[in-house]
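Below is one structure, written out as structure tokens, with a few remarks after it.
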Amino acid sequence: MCGIVGYVGEKQAQDFCISGLKRLEYRGYDSAGVVTLDEKGKATLLRAKGKIANLEEKLAANKREDKIGIGHTRWATHGEPSEANAHPHQAGPIYLVHNGIIENYKELKEHLKEHKFKSETDTEVLAALVNSFYKDGKYPLMNAVVQALKLVKGTYGIAAVSTKSPDEIVVARSGSPLVIGVGHDETMLASDASALVGHTKRAIYLNDGEVARLTKNSIEIKTLNAEPVSAKVEEIETNLAAIQKGGYDHFLLKEIMEQPESLKETLRGRVNVKEGIVHLGGPGLSETELRKIKHLVIVGCGTAYHAGLLAGYYIEQFTPEITVETVIASEYRYRNAYIPKDSVALIVSQSGETADTLACLREIKKQGVKTIGIVNAIGSTIAREVDGGTYVHVGPEISVASTKAFTSQVIAMVMFGLTIAQAKGVRPGTLKPYVEEIDKLPEAIRTTLESVRKEVESVAKKYAKYEHAVYLGRDTAYPTAMEGALKLKEISYVDANAYAFGELKHGPLALIDDRFFEFALVPEGELYDKAVSNVQEVLARGGHMIVITNTSKFDLPVEKVIKISSDCKLFAPILMNLVAQLFAYYMTLAKGNNVDQPRNLAKSVTVE
Ligand code: F6R
């Protein structure tokens, strides 16, 4: 969602802010703005609706050498996308950018009668509130920010500057990430470390309830209660190549194609094929604790939720006497669900910042249940708040649609399930096939991607005329179908929904007509014959079917069969999902939509 950047140092702040905001473009936004201050405190505020390119046009005519500035990409919550609503917002000498939501902004506004509001945003209320405590520079900026934040209810990551003190930036966070980049004679900030890559490798991740005053060569951090905080400087692991397209037209295609490598990173040092075991250090549970687990609750949103559903099917296959419930975070946080004490909760999130998932994590912790993160973004809020965790290590995922994270989330959770099964004494013979296939999976992914890419491209072009799609599967292929349908709808805007094959007769069969095509996953296995019968049911009603299968046995006269590698049987759905990912990508290209930044969506959903 919204992005924040800021710079104070010896270089041009405008340049830093614009290039930083471009790095954060992937998060989704509808307007952007930058303010810089010269040595005397003269402010240059530039804002534009739409893409950063619009802001750059304004900048070209207003180039400044200013060495301090803050910038923002806004994803509208309060008030339409417009220049007036774009950040930074001004109140007297204060300029402020903000991610998150100020829930009590109406109430606060009532007490700020002196300020003439120019926007509909909650952020301008916060700027005016800070200004009301700042008293035109009578009090230090940091104190004014602290006083204001003490009255705020909601979530925020903020950065503020003042024309009265053009050598400092004050930042604070509660529920919305902020990273400080430590440089030589320069200090930077961003809501996401990717904006700092290439400028510094040293970062301080601010915690909730902390506020910091940044100058070019000092960083002072304290809590809202004025307790000093000694900062921990961490290394930014991401490199520039990881956040560039690397020769691909779109991040989405790059991320789909890099899955053999990204999965290898997930597996590194964790799989022992010889002994048929996996080893995960991160969860930090002893053998006794693992043995005691009776229930797994898996929490996530969107793709992370689907990954949890799929992993749950696998974990049930090989772990005895355990129940697995996968839940949608936005629902679960408001359910009055009782979680037995012998449970462990897996908190699944690529970004590690999803508001609903984070809320569930906090709720579950309150119940005294152990939480384990399945997270990608290192240092993210969820990663820091869980009791233990397994990073999936897929590197930055820039395209809004999640692809490589899904594959690694599923496998990381399956490995956690295997760890429990090992501790519970499940026969190694039962677990070995899973371990062997996990080890082979990166290579199977590589061959599948190579062999189907061209074919999927031409099939997708043919089906781009459709506006409706039904995705179908049974057992492990069912959550995979759900994920395939989500991918198609979010980037191609085709109305795609997934059903369990067995549910067809209970309603969805009525949909089958010439407006729809069907995308069916039919892996070899125990339920193969049943899935084939379901395909027949659809065919008999004039369906327009594409079948993805891993067996040459399949011989029904559907419109198109895409045959994938049969190397990994247990994890065939993961390979089938690659076809669904490529299909969504090429369908979107054919429809001419924005592949990496689909309309109305944001990469990291930090508000409820
Ligand atoms: C779909 C997609 C979203 C995310 C969801 C959770 O392609 O990207 O559905 O999976 O918003 O995000 P994280 O994993 O960051 O918690």
Scanning the range 353-374 residue by residue, those of a type in the set (V, I, T), under 20 Å from I293 (Cβ atoms) and within 14 Å of the ligand (Cβ to nearest atom) turn out to be I374
- Query: Just to be sure, is V426 touching a residue at least 12 places away in the same chain (Cβ under 8 Å) and either within 16 Å of the ligand (Cβ to nearest atom) or over 28 Å from R599 (Cα atoms) (or both)?
  - Reply: yes
TODO: For M545, indicate whether it is in contact with an Asp or Glu (Cβ under 6 Å, 6 or more places away or on another chain), of a type outside the set (S, T, Y) and in contact (Cβ under 8 Å) with a residue 24 or more places away in the chain.
DONE: yes
Hey, does the range 302-309 have a residue that's surrounded by 22 or more Cβ atoms within 10 Å (Cβ to Cβ) and under 21 Å from T430 (Cβ atoms)? no
Matching residues in the range 329-352 (in a strand (DSSP E or B), of a type in the set (S, T, N, Q) and more than 16 Å from the ligand (Cβ to nearest atom)) number 1
Exactly one of L280, L253, L285 is among the aliphatic types (A, V, I, L, M), touching a strand residue (DSSP E or B) at 6+ places or on another chain (Cβ under 6 Å) and in the same structural domain as R362 (by TED's automatic domain parsing), and that residue is L280
Only unsatisfied item for T288, checking (1) in contact with a Ser or Thr (Cβ under 9 Å, 6 or more places away or on another chain); (2) over 29 Å from E490 (Cα atoms); (3) outside any loop (DSSP other than H, G, I, E, B), is (1)
Over the range 113-142, the set of residues in a loop (DSSP other than H, G, I, E, B) and farther than 21 Å from D167 by Cα is K113, E114, H115, K116, F117, K118, S119, E120, T121
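Within the range 443-458, take every residue that is surrounded by fewer than 20 Cβ atoms within 10 Å (Cβ to Cβ) and touching a residue at least 24 places away in the same chain (Cβ under 8 Å) and give me the one that is farthest from I546 (Cα to Cα). Talk me through it step by step, then tell me what you get.
Within the range 443-458, the subset surrounded by fewer than 20 Cβ atoms within 10 Å (Cβ to Cβ) is 443, 446-447, 450-451, 453-455, 457-458.
Next, only the ones that are touching a residue at least 24 places away in the same chain (Cβ under 8 Å) stay: 443, 446-447, 451, 453, 455, 457.
Details: E443: 25, R446: 22, T447: 21, S451: 17, R453: 15, E455: 12, E457: 13 Å.
So the residue we want is E443.
Take the residues in the range 477-499 that are in a helix (DSSP H, G or I) and of a type in the set (S, T, Y), then tell me which one is nearest to the ligand (Cβ to nearest atom).
The initial filter retains those residues of the range 477-499 that are in a helix (DSSP H, G or I), namely 477-492.
Within this subset, residues satisfying the condition of being of a type in the set (S, T, Y) are 478, 480, 492.
Details: Y478: 17, T480: 14, S492: 12 Å.
Applying the filter and picking the extreme gives S492.
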Residue match in the range 462-477 (condition: closer than 20 Å to I411 by Cα, under 22 Å from the mean Cα position of the chain (by Cα), surrounded by 22 or more Cβ atoms within 10 Å (Cβ to Cβ) and in contact (Cβ under 8 Å) with a residue 12 or more places away in the chain)
no
Of the residues that make up the range 294-310, is at least one over 29 Å from E237 (Cβ atoms) and either among the polar types (S, T, N, Q) or within 15 Å of the ligand (Cβ to nearest atom) (or both)? yes
From the option list R213, R202, single residue qualifying as within 20 Å of G71 (Cβ to Cβ) and basic (K, R) is R213
Scanning the range 383-410 residue by residue, those more than 8 Å from the ligand (Cβ to nearest atom), farther than 16 Å from L24 by Cα and either among the β-branched types (V, I, T) or outside the structural domain of L310 (by TED's automatic domain parsing) (or both) turn out to be V386, T390, V392, V394, T407, V410
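Of the residues that sit in the range 500-527 and are assigned to a helix (DSSP H, G or I) and in contact (Cβ under 8 Å) with a residue 24 or more places away in the chain, which one is farthest from Y586 (Cα to Cα)?
Start the filter on the range 500-527 by keeping residues that are assigned to a helix (DSSP H, G or I), which leaves 501-506, 508-511.
If we keep only those that are in contact (Cβ under 8 Å) with a residue 24 or more places away in the chain as well, we get 501-502, 504-505, 508-509, 511.
On the way: F501: 25, G502: 29, L504: 27, K505: 31, P508: 26, L509: 27, L511: 25 Å.
Filtering first and then ranking leaves K505.
The values are calculated or read from the model by the stated rules, or taken from the named source; none is laboratory data. Owing to the predicted nature of the structure, the values given are computational and were not obtained by experimental measurement. Every residue, glycine as well, gets a Cβ built from its backbone with ideal geometry; the counts of neighbours run over all protein chains shown.
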